[in-house]
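Participant: Mind looking over this structure? Questions follow.
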Amino acid sequence: TETKEGQTETELGQTEAEEGQTEAGLGQIEAEVGQNEAVEGQTEAVEGQTEAQEGEIEAVEGQTEAEMGQNEAVEGQNKAVEGQTEAEVGQNEAVEGQTEAELGQTEAKEGQTEAELGLKVSN
C-alpha cells in the first residue's frame, strides 16, 4: 500500500511537473505575444511620427504656395496700376494733340485772315 501511495504521489508529482512545464510554455508564448505587440506599437508610433512630419511638410508647401499666389496678385495689381498710368498718359497726349490741332487751325484762320487783308489792301 505504501508503495502504491508512493507511486501515486510520484505520478501526481510528475503531473504537477508537466503542468508547471506547460504553464512555463504558455508564459513564454504570452511573453512573445507581448513583445510582438510592443514592436507593433513602436512601428505605429514611427508611422504616426512620419505622418505628422509629412503633414508639417504639406503645411509648409501650402503656405509657400499661398505666399506665391499673394505675390502674383500684387504683381497683377502693379501691372494694372501701370496700365492705368499708361492710359492716362495716352489720354493726356491725345488732349495735347487736340490742343495743337486747334492751335494749328487757329493759326490757319489767322493766316487766311491775313491773306484776305493783304488782298483787300492790294485792291
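The values are calculated or read from the model by the stated rules, or taken from the named source; none is laboratory data. These numbers come from a predicted model, not from an experiment. With ideal geometry, Cβ positions are generated from the backbone for all residues, glycine too; neighbour counts draw on all protein chains shown. Accessible surface is based on the protein model in full, side chains and every heavy atom, while ligands, DNA and RNA are left aside. Shrake-Rupley method; radii C 1.70, N 1.55, O 1.52, S 1.80 Å.
Participant: With everything on Cα atoms, drop me the angle between helix 2-122 and the longest principal axis of the chain, reported from 0 to 90° to the nearest 10.
Facilitator: For 2-122 against the chain, the angle is about 0 degrees.
Participant: How many nm is it between the label spots at residue 64 and residue 8, if each spot is 7 Å from the Cα in line with the beta carbon?
Facilitator: 8.4
Participant: Carbon and sulfur atoms: what percent of the 1.4 Å accessible area of the chain do they account for?
Facilitator: 50
Participant: Can I ask one more? Grab the Cα-Cα distance for residue 74 and residue 57, subtract it from 0.36 nm times how many residues apart they are, and report the gain in nm with one decimal.
Facilitator: 3.5 nm
Participant: Shifting gears a bit: Work through the residues other than residue 110 whose Cβ is under 13 Å from its Cβ and net out their charges, Lys, Arg +1 and Asp, Glu -1.
Facilitator: Taking every other residue near residue 110 into account, the sum is -3.
Participant: On to the next question. State the dimensionless ratio Rg/Rh of region 58-107 (Rg: radius of gyration of Cα atoms; Rh: Kirkwood radius).
Facilitator: With Rh from the inverse mean 1/r over Cα pairs, Rg/Rh is 1.53.
Participant: Points 7 angstrom from Cα along the Cβ direction at residue 40 and residue 84: gap in nanometres?
Facilitator: 6.5
Participant: Then there's this: What is the percent of Cα-Cα separations in region 1-94 that go past 20 Å?
Facilitator: Taking all Cα-Cα pairs of region 1-94, the fraction more than 20 Å apart is 74 percent.
Participant: Tell me the per residue accessible area of region 1-92 using a 1.4 Å probe; a whole number in Å² is fine.
Facilitator: Here the residues of region 1-92 average 89 Å² of exposed surface.
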